[in-house]
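**Q** I'd like to ask you about the structure that follows.
None of the figures in this text is laboratory data; all of them are computed from the coordinates on show. Computed from a prediction, not measured in an experiment: that's the story for all the values here. Backbone-built Cβ (ideal geometry, glycine too); neighbour counts: all protein chains shown.
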Amino acid sequence: MPGLARALRGTGEGNGGGTSLATGRLQAGAGTSGRPAFDVVVPVRPGDHAFVVHCLTSLLLQSLTPGKVVLVDDGGAEADHSLQLAAEFGRANGLQVECISRRWTIGHVATLKRQARDSSAQVLLVLQPGTVLNTPDYIEACLATFADTSVACAAGHAAVLQPGHRSRVEQSEPVRRWIGDDPYLDPLAPRGAADRLARWLSAAWLAHVQDLGAGLCDRIGERTCGGIMLATGGAVAYRCRYLRDLFDRVEPVRGDDLGAWPGHAIAHAFATEGYRMVRVGEAEALVQPPPLARWPSLAWSWLLGLLQAGHWFDPLLRSPFRRLARYRRRKHAQGSAGARYTTRDEVIEEPFGERVTRLEGRPVGGALLLRAVVLAGL
């Protein structure tokens, strides 16, 4: 669908209240020390009541506190009591949490779009409930990358959230302040040997995907274009201006449909505009492994979303052929008397925009094409 890529052309930024929880904590909502203000959105789904307290606890232990924390329950009729737990936890720890509950499900993309438009901050951190920020300065390290206007989003490295990690979170001061003297009963405690084996297999498979899949793709992307090909890890910080512009341009063409795996479409849209996604090496987030039975559907959705994004943003994936065509045009221009050819040095003055992608291609386009061909072949 070539019209989708044209609908996502960006303007390019380069061309143109939370409560403090401890003495000495930095208030990011005020833009302290030149850091961009940021908000946090946590999209909650059915079953996330087992994770949401651990997620918010890790957020409280960060070196920076957000300007606003929004929990959106998009479960519809299947909604559980995640928002109630989050509200109680917030009151016990002095964290202002805005809870939004919908009677009808509108989807993850529509939720992200609404929160990006409603946020007045410069950065929006999308934090999955099953994620625990393992590095105290995770958010601070991600915000530091936005000093470069070419960076559209940033994420730290992801690792598997083990039962031992959950136990340490449950013994932390925010959780003890919430439950008082009552014992904490972990809803994810294994039930029998079969359940324990299934959880171990799921954790092992997630570690394998992170190490060999995401790790390899990150190395290829950093070598070819100085960024990554897909921002993953359960805690991704987006530059709000670029995210809003993306949704403003995709809405007339696709509505709220960004394919089976919206992250691929967002990543391809950013790359088409010349924006970068970066991996923050010193930041780590721990991700709860999904149930073992969900892995086949997740793998299919991931692959289908990749192929859909490659089809919609075909000018980006044609980057290797653009280089060959550019070489031929230069040869023809040199042989034509009085011919005027726009060199890359002249085009590079406008680094952002789909026009550059269509004329010159992007370095990341070749890596994305190679990955799509390999996975489609598999």
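**Q** For a test of the definition: using alpha carbon positions, the gyration tensor, and the 1.5 limit on a/c, classify the range 190-246 as rounded, prolate or oblate.
**A** Oblate, because a/c is 1.5 or more while a/b does not exceed b/c.
**Q** Expected output is a single nm value to one decimal: the length gained when fully extending between S167 and D148, i.e. 0.36 nm times separation in residues minus the C-alpha distance. What is it?
**A** Taking S167 through D148 to full extension adds about 3.1 nm, to one decimal.
**Q** Then there is this: Hey, got the dipole for the range 71-145? About the Cα centre, +1 on K and R Cβ, -1 on D and E Cβ, debye to the nearest 20?
**A** Computed charge dipole of the range 71-145: roughly 280 debye.
**Q** Classify the range 28-138 as rounded, prolate or oblate, taking a ≥ b ≥ c as the square roots of the eigenvalues of its Cα gyration tensor: rounded when a/c is under 1.5, otherwise prolate if a/b is larger than b/c and oblate if not. Mind dumping the intermediate values first?
**A** Numbers: a/c = 2.00, a/b = 1.35, b/c = 1.48.
Oblate, since a/c reaches 1.5 and b/c is not below a/b.
**Q** Could you give the nm distance between label points at D186 and E222, where each point is 7 Å from its Cα heading toward the beta carbon?
**A** 3.1 nm
**Q** Along the charge dipole of the range 35-98, Cβ charges K/R +1 and D/E -1, which of L59, V70, V41 sits furthest on the positive end?
**A** Farthest towards the positive pole: L59.
**Q** Rank-order 110-118, 170-178 by packing density, defined as the average count of other C-beta atoms within 10 Å over each peptide's residues, highest first.
**A** 110-118, 170-178
**Q** Just subtract the alpha-carbon distance of V373 and H311 from 0.36 nm times their residue separation and send over the number in nm, one decimal.
**A** 21.1 nm
**Q** Can you list the HN-Hα couplings for the range 151-168, worked out from phi with the Karplus curve (6.51, -1.76, 1.60; θ = phi - 60°), rounded to whole Hz and with x for Gly and Pro?
**A** 7, 9, 7, 9, 8, x, 6, 10, 9, 7, 7, 8, x, x, 5, 4, 5, 5
**Q** Grab the beta carbon distance between E282 and D211, set R0 = 22 Å, and tell me the FRET efficiency rounded to 0.05.
**A** 0.75
**Q** Looking at the square roots a ≥ b ≥ c of the eigenvalues of the Cα gyration tensor of the range 97-246, which shape do they give, rounded for a/c under 1.5, prolate if a/b is larger than b/c, or oblate? Before the final figure, lay out the partial values.
**A** Numbers: a/c = 1.83, a/b = 1.31, b/c = 1.40.
Oblate shape, in that a/c is at least 1.5 and b/c is the bigger or equal ratio.
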